[in-house]
Amino acid sequence: MTLDKIKKILNAKVIVGSDALNADIKMACGCDLMSDVLAFVKSDSLLLTGLTNPQVIRTVEMSDIKAVCFVRGKKPDKETVELAKSKNIPLLLTDFPLFEACGKLYKEGLAGCSEINE
């Protein structure tokens, strides 16, 4: 699924990376524990999270995750946005809560990280 389709499904705003909306996202994970992201999330994923600090971007970079979508309308601070820009990591923002955002994407056919073996 493309990042553009995800944007439309979640009625999301692009914070960073409008030029990367054609990126192919293979799966998604909803998580607020960055230790779980490091342990369980696979590359080429979308991370949906309510955490908005720079540690999210550092974790995403280490995990080779393609993009982040912040949920519940939570906006990242300037430092987080600038770090994402410098790392070319697209950031989206949706007003949906985490559970609903994940459910909408799953309903539209985007796999979860446990469903795809690498």
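No value in this document is a laboratory result; all are computed from the given coordinates. Just so you know, these numbers come straight off a predicted model, no measurement behind them.
Among the listed pairs 26/78; 13/85; 87/107; 7/74; 13/42, a Cα-Cα separation exceeding 19 Å is found for 26/78; 87/107; 13/42.
Summed over qualifying helices (DSSP H, 4 residues or more, each -39500 (n - 2.57)) and divided by its residue number, the chain shows a 222 nm mean residue ellipticity of -10500 deg cm²/dmol. In angstrom, the C-alpha Rg and Dmax of the range 3-110 are 12.0, 33. Provide, for q = 0.22, 0.23 Å⁻¹, the log10 of I(q)/I(0) from a solvent-free Debye sum over equal Cα point scatterers in the range 57-118. Debye intensities relative to I(0), on a log10 scale: -1.02, -1.07.
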